[in-house]
Amino acid sequence: QALQLTLALIKPDAVAHPLILEAVHQQILSNKFLIVRMRELLWRKEDCQKFYQEHEGRFFYQRLVEFMASGPIRAYILAHKDAIQLWRTLMGPTRVFRARHVAPDSIRGSFGLTDTRNTTHGSDSVVSASREIAAFFPDFSEQRWYEEEEPQLRC
Ligand code: DAT
Ligand code: MG
């Protein structure tokens, strides 16, 4: 079965706390994701605006964009046969109050601070994963990875 790719981000609230950063990284490892690429970066506000364009106009948009540009973030391309859904399940619900109640052991349920400062991001579909991977890893060719690397990685 082919591996699926997703973009995972650890947001500034979690990168700022070494123990939380490490705990999230451990979740990635213990759930047997392959880390295809990883980088840490400080994002410009304009990049955040573009990344979250679908939310433009929502009441939280400005807050979200400013938060995402407020400190270093860590970006991963993760591979797994069910990468998109598995990572979203591990993250838990978007809103922290809900996460704490319905998924207290999830990443957001454990470490989320507010609805904006909610620890992690994960792509929500194959189409958005491709777009988001390209935004963070412009030199990464998904097509080449599927041709040259993925066949050797699947088990
Ligand atoms: P997700 O990050 O779970 O995919 P989303 O795509 O709906 O959620 O929203 C993107 C981010 O925007 C989310 O991680 C935090 C922020 N956000 C969403 N809904 C919010 C709300 N009701 N209040 C504050 N921030 C919100
Ligand atoms: Mg989303």
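The values are calculated or read from the model by the stated rules, or taken from the named source; none is laboratory data. Please read all numbers here as calculations on a predicted model, not as lab measurements. All Cβ positions, glycine included, derive from the backbone under ideal geometry; neighbour counts span all protein chains shown.
Structure values in brief
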| item | result |
| --- | --- |
| Residue in the stretch 1-10 that is at pLDDT below 95 and exposed (fewer than 13 other Cβ atoms within 10 Å of the Cβ) present | yes |
| Qualifying position, being among the basic types (Lys, Arg), within 15 Å of ligand 1 (Cβ to nearest atom) and touching a strand residue (DSSP E or B) at 6+ places or on another chain (Cβ under 6 Å), among Arg95, Arg88 | Arg88 |
| Residue selected from the stretch 117-140 under the condition crowded, with 16+ Cβ neighbours inside 10 Å, of a type outside the set (Phe, Trp, Tyr) and part of a loop (DSSP other than H, G, I, E, B), by the criterion nearest to ligand 2 (Cβ to nearest atom) | Ser123 |
| Every residue from the stretch 42-65 that is outside any helix (DSSP H, G or I) and either touching a residue at least 60 places away in the same chain (Cβ under 8 Å) or within 13 Å of ligand 2 (Cβ to nearest atom) (or both) | Tyr52, Arg58, Phe60 |
| Residue in the stretch 26-34 that is of a type outside the set (Phe, Trp, Tyr), on the phi < 0 side of the Ramachandran plot, within 12 Å of ligand 1 (Cβ to nearest atom) and over 15 Å from the mean Cα position of the chain (by Cα) present | no |
| Among (1) under 19 Å from Ala8 (Cβ atoms); (2) exposed (fewer than 14 other Cβ atoms within 10 Å of the Cβ); (3) of a type in the set (Lys, Arg), the one test that Arg74 misses | (2) |
| First in the stretch 127-155 and within 19 Å of Gln49 (Cβ to Cβ), second anywhere and in a helix (DSSP H, G or I) and aliphatic (A, V, I, L, M), Cβ under 9 Å, 6 or more apart | Ser128/Ile84 |
